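Structure record follows, encoded as structure tokens.
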Amino acid sequence: MKHICYEQPLNERIRTFLRLEHLFRQAAYWLAGDSIWHSRAVLDSLFDIQNVFGRADLRSELIKELERHAANLGKLVDNPNVDSSALQAVLDDLDVLIDRLHAIHGQPGQKLRDNEFLNSIRQRSSIAGGDCAFDLPAYHQWLQHPPEQRQANLQEWVSEFDSIRDAVFMILSLIRDSATATAHIAEGGFYQQSLDTNMAYQLIRVLVPEDQACFAEISAGKHRFTLRFMQLGDLGSRATQCEDDIHFHLACCVL
């Protein structure tokens, strides 16, 4: 049975990584298209990625997180219950990513910030409708280029963040794989669970069967989290909590 997965980050670092994952996937989706509107959407995603990087030294944060995972996984090397070849492959991948991030000089994407053409678009994009043809004639002219030329330019610009993207994807993959989802029941659409404060929980994942006419709202603090399963009567009304018992799967990721 297919499930819809709802995730709740438990710290600001993972919250940022999830946002970056979303933006990288969005950019990759639009990059596969060849219309003018696809190209516009890629640049919008790219500018959003740049904005996320303007808030913190994410390169250092990613390096610390990768090194933390490498150290934790390295403790399992002599464990007879662990597939040593698979573990070594993961450790090798982590080492490669750490080296790639160390090789980045300055702030990631600095080359894009120095690009006057992109800067002119980015500045106008903060205004609703500010990237219209009459506001940005150079952008309008570039959009008329053949699709293969536009896509080559876009691929070059997006690739500035390849190492960052791969590190984010690797970290989130390890965190998600660190816990196995187990079955639970939310009585009357409500579920609450305490968290062990001695454990460094990173992410809560709630899997709901696709055919369930409800969605999960997750509220989490340091000591506990609550789930409320909500349903919409129609898209114009406020959601209400389900009255029925809801069967779902839950994973509390702690790696």
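The values are calculated or read from the model by the stated rules, or taken from the named source; none is laboratory data. Nothing here was measured: the structure is a model prediction, and the numbers come from that model. Every residue, glycine among them, receives a Cβ derived from its backbone with ideal geometry; neighbour counts consider all protein chains shown. For the accessible areas, the whole protein counts, side chains as well, though only heavy atoms, and no ligand, DNA or RNA atoms are used. Shrake-Rupley method; radii C 1.70, N 1.55, O 1.52, S 1.80 Å.
Observations on the model:
- When residue 154 is tested against (1) part of a strand (DSSP E or B); (2) buried (at least 16 other Cβ atoms within 10 Å of the Cβ); (3) under 23 Å from the mean Cα position of the chain (by Cα), just one condition goes unmet, and that condition is (1).
- Close Cβ contacts (under 6 Å, 6 or more residues apart or on different chains) running from residues in region 120-148 that are in contact (Cβ under 8 Å) with a residue 40 or more places away in the chain to residues that are open to solvent by 60 Å² or more (accessible area, probe 1.4 Å) and in a helix (DSSP H, G or I) comprise 131/124.
- Subset of region 167-200 (residues that are assigned to a loop (DSSP other than H, G, I, E, B) and buried (at least 20 other Cβ atoms within 10 Å of the Cβ)): 189
- Of all residue pairs spaced 6 or more apart or on separate chains, those with beta-carbon atoms under 8 Å, a first member in region 198-217 that is over 15 Å from residue 178 (Cβ atoms) and a second member that is of a type in the set (D, E, K, R) and surrounded by fewer than 16 Cβ atoms within 10 Å (Cβ to Cβ) are 209/2; 210/2.
- Counting only residues that are modelled with pLDDT under 90, open to solvent by 50 Å² or more (accessible area, probe 1.4 Å), more than 26 Å from residue 60 (Cα to Cα) and of a type in the set (D, E, K, R), region 102-134 holds 0 of them.
- In region 107-141, the residues that are in contact with a helix residue (DSSP H, G or I) (Cβ under 7 Å, 6 or more places away or on another chain) and among the aromatic types (Phe, Trp, Tyr): 117, 139
- Of everything listed in (1) out of contact with any Pro (no Cβ under 9 Å at 6 or more places or on another chain); (2) over 30 Å from residue 57 (Cα atoms); (3) of a type outside the set (Val, Ile, Thr), the single unmet condition for residue 177 is (2).
- Search result, residues across region 231-252 that are in a strand (DSSP E or B) and either touching a helix residue (DSSP H, G or I) at 6+ places or on another chain (Cβ under 6 Å) or open to solvent by 20 Å² or more (accessible area, probe 1.4 Å) (or both): 231, 240, 241, 247, 249, 252
- Of the helices (runs of 4 or more DSSP H) lying entirely inside region 1-101, the ones with 1 or more residues being open to solvent by less than 40 Å² (accessible area, probe 1.4 Å) and free of Cβ contacts under 8 Å to residues at least 24 places away in the same chain are found at 36-53, 58-74.
- Residue within region 214-227 that is open to solvent by less than 40 Å² (accessible area, probe 1.4 Å) and touching a helix residue (DSSP H, G or I) at 6+ places or on another chain (Cβ under 9 Å) present: no
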